[in-house]
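The values are calculated or read from the model by the stated rules, or taken from the named source; none is laboratory data. All values derive from a computational prediction rather than experimental measurement. Here the Cβ is made from the backbone with ideal geometry for all residues, glycine too, and neighbour counts use every protein chain on show. Side chains included, ligands, DNA and RNA excluded: accessible areas come from the protein's heavy atoms. Shrake-Rupley method; radii C 1.70, N 1.55, O 1.52, S 1.80 Å.
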Amino acid sequence: MTDKRDYYEVLDVDRSATEKDLKNAFRRLARRFHPDRSEEPDAENKFKEIQEAYAVLSDAEKRAHYDRFGHDGPSGNPFGGFSGGGFNINLEDLLGGDFFSGFFGGGRSRSRERKGSDILVRHSIEMATVITGSEESIELDLPVECSTCNGTGAKDGKTKTCGTCQGTGRVRVRQQIGPFVNEVVQECRDCGGTGSIIESPCGDCSGRGHRIEAKSIKFNVPPGAEHGTRLRLRGQGQPAERGRGSNGDLLIEIEVLTHPWFERNGSDLIMSLPLGYPDLVLGTKVTIDHIDGKKLDIVIPPRSSAGHTLEIKKRGLPHMRRSGRGDVVVLLKLHVPEKISKADKKQLDSMKTSLNPSDQLQRILDDAADRRANE
Ligand SMILES: [Zn+2]
Ligand SMILES: [Zn+2]
């Protein structure tokens, strides 16, 4: 029998773990126990154990074998080939460039296959566009791979292998730390980690490997899009340096323009509605052109108060992540005219006794004063 721990236990996953679960578990643990990084006790042995477990479980055939026979397969140790430490795992792919960048001289990525940068542009839409969403098309000046040199930046596409690093993009450097001599791997300075040297730069792109070209970009704005929503168009960004790696992405940030009277609160639309005193007291119906292209009827019931709100259900903007629409919220306001005609003034005066609360208040106070005087 072996005293090896169960591979599933090592990776802390259950036996039904998917390929993705395994990968995530491995990433998490490898980052924690990588001997160059970890301060955990016994990190190196733990890391070996994790590597071995992942090497076996991530290989469908080996996993099936392990599920059936465990560590003690019919041939003794069916995974004998792994115990020596030679695991067929690409740690850089699994853990990502950032994890290793620290080993290769700080912030610069050591990878020869580096992705181009993302490009961010802003695009404005009317609030009405949010109702239906839309297919938009914009013209942008974007960097594209230079076709003359295939993005290599070299004249006629000709590069020569870097002699310093023999094309690997990396060099081993001996470092003396106190009494210890350490050998570390660093990015090759002569070729910038690309492994190749440009003999003479491409005249069309001055050796940059890309050119600026006007491009027509089409994309869909989803219904309910919010201000600041970012749409990601994969591979439409900056080409990778010297054509070695994938393009970055193009990010389009949606800017929703303000509306003359609607204010947005998520999927609700808020507006204020100024009304005359008679309309507030007697009630009325106001119809406006709505941004959904239809008419919006706002029914103000009799005896409404300024400062109160009315909700018109499901006439707001679409919800972004579920079906249906928000509401229109109408804030009632009292409109006070700047000028009043003599005739209006007379009419208002005549209403004072019955409708003016301050007059009523005065009558109550007068009555109370009378009662006191009579006591
Ligand atoms: Zn070029
Ligand atoms: Zn080099």
Item checked: Any chance Gly107 is under 27 Å from Val171 (Cβ atoms), out of contact with any strand residue (DSSP E or B) (no Cβ under 7 Å at 6 or more places or on another chain), assigned to a loop (DSSP other than H, G, I, E, B) and at pLDDT below 70 -> yes
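For every residue, the table says whether it meets (1) of a type in the set (Ser, Thr, Tyr); (2) modelled with pLDDT of 90 or more; (3) open to solvent by less than 90 Å² (accessible area, probe 1.4 Å).
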| residue | (1), (2), (3) |
| --- | --- |
| Asp3 | no, no, no |
| Glu9 | no, yes, no |
| Val13 | no, yes, yes |
| Asp21 | no, yes, yes |
| Phe26 | no, no, yes |
| Leu29 | no, no, yes |
| Arg32 | no, no, no |
| Pro35 | no, no, yes |
Check: Here are Gly163, Gly167, Gly116: which of them is without any contact (Cβ under 8 Å) to a residue 40 or more places away in the chain and open to solvent by less than 30 Å² (accessible area, probe 1.4 Å)?
Finding: Gly167
Next item on the list: Filter the stretch 333-375 down to the residues that are at pLDDT below 90 and among the hydroxyl-bearing types (Ser, Thr, Tyr), then identify the one that is nearest to Leu280 (Cα to Cα).
Entry: Ser354
Next item on the list: Scan the stretch 214-264 for residues that are among the basic types (Lys, Arg) and either open to solvent by 70 Å² or more (accessible area, probe 1.4 Å) or closer than 16 Å to Val130 by Cα (or both) and jot them down.
Entry: Lys218, Arg230, Arg232, Arg234, Arg264
Check: In the stretch 316-344, how many residues are assigned to a helix (DSSP H, G or I) and surrounded by 10 or more Cβ atoms within 10 Å (Cβ to Cβ)?
Finding: 1
Check: Out of (1) crowded, with 16+ Cβ neighbours inside 10 Å; (2) over 30 Å from the mean Cα position of the chain (by Cα), what's the single condition that is false for Ser305?
Finding: (1)
